[in-house]
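Trainee: First the structure, then my questions, so here it is.
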Amino acid sequence: MEHEDPRNGESPHRSSKKSKFSSNYIPESEIRDEFSHHQPRVARINNGSFGSCPGSVLAAQRRWQLQFLRQPDAFYFNTLRNGITASRMIIKDLINADHVDEVSLVDNATTAAAIVLQQIGHSFAEGKFKNNDTVLMLHCAFQAVKKSIQAYVTRAGGSVVEVRLPFPVNSEEEIISEFKKSITEGKSNGRKIRLAIIDHITSMPSVVIPVKELVRVCREEGIDQVFVDAAHAIGSLKVDVKEIGADFYVSNLHKWFFCPPSVAFLHCKKANASSDVHHPVVSHEYGNGLPIESSWIGTRDYSSQLVIPAVLEFVNRFEGGIEGIMERNHEQVVKMGKMLAESWGTNLGSPPEMCTAMIMVGLPSRLCLNSEEDASRLRSYLRDCHEVEVPIFYQVPKDGEDGVRDNDGCITGYVRISHQVYNTLDDYEKLRDAINQIVKDGKTCKMLCIE
């Protein structure tokens, strides 16, 4: 590759050169039309949770659905397999995979986690691994991944070590240091670490993890396999699976790559794409390799997997294509995050180079956000009373540590703001003003009433 992306784990410093992309290649009016199905007046600054799909891609999806409904047999025998293969070829090129056979399309990152952890669980159950051998994961891993470990690994005799990551975070070195400490713990008492699960971008709080460096550490430490859960990655940062070097890498296509829900790709290194890796839903393609197994798991709607060529057409209407979209989203979310932090007198949860199209912004301590219940109440209040959709993160104070402070006390709450092509300055000003009004009125989270 001519240029390596720093967020794959290289230098944390972004280039100081001005962006080579202009603001928009597609007219603003066309962007508004593409997303006119969004609920009016809602400040939708939570693209990270469910993504967004433009109207032209939804129209393509409907055409695929109708083609199946008109003549299902012809569609199954003559069209479906070739359509999914065409989509896999596009993903193969986007992520710099060696071969299309390394790329499977599945429902979401949760399904991919089940695929990877199922084969680990089988190895424990069949006695290939010793009881108490370990799976290593980040403490802030997605809850569904933690549940999959419980379902497939711990019940079969495996153990889990969680890497406690700092937040707010100031550098990649802080993360690498904590990761190495947890490897030492995982290998204690003669145990072997059979799998490391590493987020590329953590969900809550949202931080870009130096995956390339952590994968390198795993190789040096003799960890059997590495699975990168990159649910938020494709469409928000450059993905090069050869540079990253993990055994398994998954990313949702419906979050930042404009596909309708739900579809994700799972990359399996060809050397590791063994007969032990299977889709958890067993159909008559079982045993034909994961890409083929995943392409037919029974009668269902496969249209979200088939519209990837239409998505590519959509992103190429923007100057710079998906890379231009990614760069502009990053620039705008940092700008909006700094605007909010300045207005509220708070902080960003990470340096700008450790975020993509999402960033964490501290909330005023006067809100007295002291629990998950407070966070949920504030989120509901913003949605129902101010038409603002944004996730709220509660930062549990560490024993003996005061944490980050504003002028009035310790900051224990953060918003995770997203930026996608449909967002405008008004969306973030609406959030800013809503929080400022709550503080001005002297209300705390516990005092908020939702009608």
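The values are calculated or read from the model by the stated rules, or taken from the named source; none is laboratory data. On a predicted model such as this, the values are computed, not experimentally measured, just so you know. All Cβ positions, even for glycine, are placed from backbone atoms using ideal geometry, and neighbour counts span all protein chains on display. For the accessible areas, the whole protein counts, side chains as well, though only heavy atoms, and no ligand, DNA or RNA atoms are used. Shrake-Rupley method; radii C 1.70, N 1.55, O 1.52, S 1.80 Å.
Trainee: Return the total of residues in the stretch 294-310 being in a helix (DSSP H, G or I) and open to solvent by 10 Å² or more (accessible area, probe 1.4 Å).
Mentor: The number of residues fulfilling the criteria is 2.
Trainee: May I pose another question? Here is a check on your reading of the model: is Asp441 free of Cβ contacts under 8 Å to residues at least 24 places away in the same chain, outside the structural domain of Ile209 (by the TED database) and either open to solvent by less than 20 Å² (accessible area, probe 1.4 Å) or more than 23 Å from Val333 (Cβ to Cβ) (or both)?
Mentor: So Asp441 fits the description; yes.
Trainee: Continuing with this model, one more query. Within the stretch 408-421, restricting attention to residues that are in a loop (DSSP other than H, G, I, E, B) and under 19 Å from the mean Cα position of the chain (by Cα), which residue is farthest from Cys445 (Cα to Cα)?
Mentor: Step by step, filter the stretch 408-421, then rank; the result is Val421.
Trainee: Out of Met360, Met336, which single residue is over 19 Å from the mean Cα position of the chain (by Cα) and surrounded by 23 or more Cβ atoms within 10 Å (Cβ to Cβ)?
Mentor: Values: Met360 fails: over 19 Å from the mean Cα position of the chain (by Cα).
One residue alone meets the criteria, Met336.
Trainee: In addition: Output the residue which, of all residues in the stretch 422-437 that are of a type in the set (S, T, N, Q) and assigned to a helix (DSSP H, G or I), is farthest from Val169 (Cα to Cα). If you could, list the steps in order and put the result at the bottom.
Mentor: Initially, the stretch 422-437 is screened for residues of a type in the set (S, T, N, Q), giving 423-424, 436-437.
If we keep only those that are assigned to a helix (DSSP H, G or I) too, we end up with 436-437.
Values: Asn436: 25, Gln437: 29 Å.
Checked the stretch 422-437; the qualifying residue farthest from Val169 (Cα to Cα) is Gln437.
Trainee: Working carefully through the options Asp374, Asp402, find the one that is over 25 Å from Lys335 (Cβ atoms), in contact with a strand residue (DSSP E or B) (Cβ under 8 Å, 6 or more places away or on another chain) and part of a loop (DSSP other than H, G, I, E, B). Spell out the reasoning first.
Mentor: Values: Asp374 fails: part of a loop (DSSP other than H, G, I, E, B).
Just one listed residue meets the conditions, Asp402.
Trainee: Quick one: count up the residues across the stretch 109-151 that are at positive phi and crowded, with 22+ Cβ neighbours inside 10 Å.
Mentor: First, pick out the residues of the stretch 109-151 that are at positive phi: 127, 132.
Keeping just the survivors that are crowded, with 22+ Cβ neighbours inside 10 Å gives none.
Total satisfying the criteria: 0.
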